[in-house]
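Heads up: the structure comes next, in structure tokens.
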Amino acid sequence: MSRLAANADVFAAIADPTRRAILDRLRAGEQPVKQLAEPFAMSLPAISQHLQVLCEAGLVQMRKAGRQRLYRLNPEPLKQVSEWVAHYEQFWQEKLDALGNYLEESSCSET
């Protein structure tokens with residue numbers, strides 16, 4: 001898989017709020033599907049489909065322990081998201097600085 005496709009998979013995976021919530025739950029440690037599914041009003045097969053998307057994006061790893069499948073977080077691919085967002089941080093910081101300067105000048109000219 002190309003790097004571009006892998007990036008797209010990570011962004012597509014975290015686009016869904018249920019998958020983001022699953023990632024949040026996995027921050028607490030490795031968990032079986034039933035435990036992960038508890039707070040969601042959806043079927044186990046639906047949760048399994050979300051987990052499959054997360055696994056394909058490399059955000060979650062699965063291992064078998066007997067008849068149980070245990071899932072754990074792999075945060076490494078989230079660095080791609082962080083790096084992408086970092087490009088925009090400077091842009092927004094410059095915009096906020098300009099707004100701050102404008103507001104200061106506006107308030108000074110009114111007094």
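The values are calculated or read from the model by the stated rules, or taken from the named source; none is laboratory data. Since this is a predicted model, take the numbers as computed values, not measurements. Because the Cβ atoms are built from the backbone with ideal geometry, glycine has one as well, and the counts that use them run over all protein chains shown. Note: areas computed on protein heavy atoms with side chains; ligands, DNA, RNA excluded. Shrake-Rupley method; radii C 1.70, N 1.55, O 1.52, S 1.80 Å.
Taking amide H as placed 1.01 Å from N in the peptide plane, R69 has its amide H under 5 Å from the amide H of V33, each at least 5 places away in sequence or on another chain. Here, the chain has an Rg and a Dmax of 20.5, 75 Å when only alpha carbons are counted. Straight-line reach from K95: taking Cα to Cα under 29 Å and skipping same-chain neighbours fewer than 8 places apart, the lysines in range are K79. Think of each Lys and Arg Cβ as +1 and each Asp and Glu Cβ as -1; about the Cα centre, that makes the dipole of the chain roughly 1240 debye.
Scanning the chain for trypsin sites (Lys or Arg not before Pro) in DSSP loops with at most 16 other Cβ atoms within 10 Å, what's the longest stretch left with none? Between exposed loop sites, the widest span is 68-111.
For the chain, the per residue solvent-accessible surface stands at 71 Å², with DNA, RNA and ligands left out and a 1.4 Å probe. Applying both filters, DSSP loop and at most 16 other Cβ atoms within 10 Å, to the GluC sites (Glu not before Pro) of the range 1-92 gives E30.
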